[in-house]
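Here is the structure we will look at, set down as structure tokens.
The values are calculated or read from the model by the stated rules, or taken from the named source; none is laboratory data. These numbers were taken from a predicted model, which means no experiment stands behind them. Glycine gets a Cβ as well: all are built from the backbone with ideal geometry, and neighbour counts include every protein chain shown.
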Amino acid sequence: MNESAKVWLDGSVVGAADARISVFDHGLLYGDGIFEGMRVYSGRVFRRADHLRRLAVSAKAVGLAFPDGVDLDGVIDDTVAAFGEDDAYIRLLVTRGEGPLSVDPTKCPRSRVICIVGEVSLYPPEKLAAGIDMVTVSLRRPRADVLEPRVKSLNYLNNALAILEARRAGADEALLLNEDGAVAEASGANVFTVREGAVATPLVTDGALEGVTRRTLLEICARDGIPAVERRMTRIDLLAADEVFLAGTGARMIPVRTLDGAPIGAPATSAGFGATSGSPPPVPDRPIYARLDAAYEERVRAVGVVSC
Ligand SMILES: Cc1ncc(COP(=O)(O)O)c(C=O)c1O
């Protein structure tokens with residue numbers, strides 16, 4: 001629980017302990033709603049316009065109208081100001097709103113906006129330095145005609161169950177494949193590989209969210225002359241890579257140390273190692289990760305970059 005968080009709810013900003021909504025909100029009852037995760041760096045919301053655009057696309061995809069009279073920019077600004085820190089995490093939600101105990105969204109007269117501003121840190125610094133252990137989980141990313149992964153909906157059970165499976169296997173993170181066995185993404189971040197100096201990331205049509213961080217990194221690669229492609233990838237692309245990392249607004253950039261127990265960027269041993277057994281592999285050089293991590297940090301704090 002993020003006790004110092006500030007929350008915009010039903011017209012005013014309150015403390016975390018006072019942020020309460022009806023149990024009849026369909027966001028709770030049915031996971032019916034959408035959300036965005038953004039970050040404030042040095043007092044500015046990084047790529048706010050891109051996040052709000054994606055929220056609008058998600059809203060369109062699920063037929064959700066924003067409530068009349070609510071200015072999302074104003075909501076964000078007021079909540080960020082109330083939190084009062086130069087760096088913060090923003091969680092903006094639009095739920096279907098209150099309705100009867102019936103899944104029918106047309107019975108919900110008014111959607112509800114909630115904005116939470118607080119702190120988030122997914123892994124301790126030592127994990128970030130060493131890299132995380134990831135396992136391929138049995139759960140698949142749903143097809144677009146089942147539950148479109150490109151829609152950032154409140155229906156994150158697929159993601160939650162994926163990370164639960166990973167934790168049960170003693171790992172930190174889950175690698176989700178789609179029904180074809182192509183790599184989609186991690187439970188809450190996009191996947192990147194580096195092989196012989198070239199960056200690759202899975203296709204959004206294979207079940208990856210159109211991540212704002214993903215896009216930022218592809219732009220940095222283009223600017224800095226690092227070859228980078230979006231393409232269909234399978235698990236072997238990760239095992240064959242010199243470097244693997246995850247990227248997302250909450251996660252920022254996280255190096256992956258092992259996949260299914262095999263060390264990334266180092267030869268396998270027959271003894272077994274990784275998430276649950278044996279000694280951890282030495283931390284390898286991750287030159288492209290290090291370069292992109294530094295460039296990303298510079299970019300998020302660059303004056304004037306709110307969207308591009
Ligand atoms: C499932 C999933 N994939 C990828 C991402 C990364 O997207 P972004 O960089 O826009 O935060 C997120 C972020 O929340 C996510 O939930």
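Restricting attention to segment 180-210, the residues that are charged (D, E, K, R) and touching a Pro at 6+ places or on another chain (Cβ under 8 Å) total 1.
The single condition among (1) touching an Asp or Glu at 6+ places or on another chain (Cβ under 6 Å); (2) surrounded by 23 or more Cβ atoms within 10 Å (Cβ to Cβ) that VAL244 does not meet is (1). Identify all residues within segment 139-163 that are more than 21 Å from HIS51 (Cβ to Cβ) and near the ligand (Cβ under 10 Å from one of its atoms); write none if there are none. Matches in segment 139-163: ARG141, ASN158, ALA162. Contact map, segment 198-213: first residue in the same structural domain as ARG231 (by TED's automatic domain parsing), second residue among the hydroxyl-bearing types (Ser, Thr, Tyr) and within 11 Å of the ligand (Cβ to nearest atom), Cβ cut-off under 8 Å, separation 6 or more or different chains; pairs are ALA208/THR201; GLY211/THR249; VAL212/THR249; THR213/THR249; THR213/TYR296.
Of the strands (runs of 3 or more DSSP E) entirely within segment 1-76, those holding at least 3 residues that are away from the ligand (no atom under 16 Å from the Cβ) and closer than 29 Å to VAL103 by Cα occupy 6-9. In segment 141-170, the residues that are outside the structural domain of ALA61 (by TED's automatic domain parsing) and over 15 Å from GLY188 (Cα atoms) form Cβ pairs under 6 Å with partners that are away from the ligand (no atom under 11 Å from the Cβ) and small (Gly, Ala, Ser), at six or more places apart or across chains, as follows: GLY170/ALA275. Taking the condition among the hydroxyl-bearing types (Ser, Thr, Tyr), more than 13 Å from the ligand (Cβ to nearest atom) and within 30 Å of SER153 (Cα to Cα), does TYR289 pass? When the stated conditions are applied, TYR289 passes them. Assess whether MET38 counts as being of a type in the set (A, V, I, L, M, F, W, C) and at pLDDT below 95. Spelling it out, it is not the case that MET38 is of a type in the set (A, V, I, L, M, F, W, C) and at pLDDT below 95.
Across segment 83-124, the qualifying residues are those that are touching a Lys or Arg at 6+ places or on another chain (Cβ under 6 Å) and closer than 16 Å to MET38 by Cβ, and the one among them that is surrounded by the most Cβ atoms within 10 Å (Cβ to Cβ) is VAL117.
When the helices (runs of 4 or more DSSP H) confined to segment 119-175 are screened for residues that are over 17 Å from the mean Cα position of the chain (by Cα) and modelled with pLDDT of 95 or more, those reaching at least 3 such residues are found at 157-168. From the list SER42, SER22, the one residue that fits, being under 16 Å from VAL80 (Cα atoms), surrounded by fewer than 19 Cβ atoms within 10 Å (Cβ to Cβ) and in contact (Cβ under 8 Å) with a residue 24 or more places away in the chain, is SER42.
Summed over segment 176-213, residues that are within 14 Å of the ligand (Cβ to nearest atom), small (Gly, Ala, Ser) and in a strand (DSSP E or B) total 2. Can you find, within segment 214-239, the residue that is nearest to the ligand (Cβ to nearest atom) among those that are in contact (Cβ under 8 Å) with a residue 60 or more places away in the chain and more than 22 Å from GLU298 (Cα to Cα)? The qualifying residue nearest to the ligand (Cβ to nearest atom) is LEU238.
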